[in-house]
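Notes to accompany the following structure.
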Amino acid sequence: MIIKVFSPLLNSSVKKFVVSVLASEGFAYDIEKDLDLDNISANYLEDGGIFYVAFTKGRIIGTCAVKKRSEGKCEVKRLYVHKDFRRLGIGSELLGKALQFASEHYNTVTLKTNTSLGPAITLYLKTGFSVQKEEKEVIYLTMDMR
């Protein structure tokens, strides 16, 4: 497996990958929530963030991003691993790279995820995130990077 920083040439492939992983988990493409996927460079790289893409044999198998939210605060987003490659440490490695980037640029990291995604929540808690609140089907987590 190789993890690379997103390149604009990958935009359509990454969007297709993310949409397919969402669908495999029962989540439909949402034109508002998923608008960031239309221009990943502008929404992440050019705005104080980063977007990582994991590959094996030239195939995209995972993603993870950091998005600037305000001065000193960012959000981990788009942590997805293809179902055939889960439980192999890929999500942990992607998250680790994202948190390393965050620690170099931000004081606080947040994220939110669906409460139905138990393995992801377990990973976040094991990594050091704390639950801030739970609303409907969404859990909000945070980590102090100082």
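Rule-based calculations on the coordinates, nothing more; no lab input. A quick note: this is a predicted structure, and the numbers were derived from the prediction, not measured. Note: ideal-geometry Cβ built from the backbone for every residue, glycine included; neighbour counts use all protein chains shown.
Below are the figures for this structure:
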{"quantity": "Calculated from backbone phi, Karplus (6.51, -1.76, 1.60) coupling profile of the range 31-41 in Hz, x at Gly/Pro", "calculated": "4, 7, 5, 9, 4, 4, 6, 6, 8, 4, 4"}
{"quantity": "Choice from 18, 131, 81 with maximal GNM fluctuation in the chain (Cα, 10 Å cutoff)", "calculated": "131"}
{"quantity": "Out-of-range pairs (alpha-carbon distance over 19 Å; input 4/112; 33/67; 68/112; 15/126; 112/133)", "calculated": "4/112; 15/126"}
{"quantity": "Cα gyration tensor category, rounded, prolate or oblate, for the chain with a/c compared to 1.5", "calculated": "rounded"}
{"quantity": "³J(HN,Hα), Karplus 6.51/-1.76/1.60, whole Hz, each residue of the range 107-117, x for Gly, Pro", "calculated": "9, 10, 10, 10, 6, 9, 8, 6, 5, 7, 9"}
{"quantity": "Given charges at beta-carbon only (K, R positive; D, E negative), |dipole| of the chain in Debye", "calculated": "460 debye"}
{"quantity": "Highest-fluctuation residue, 123, 111, 79 considered, GNM on the chain with Cα pairs under 10 Å", "calculated": "123"}
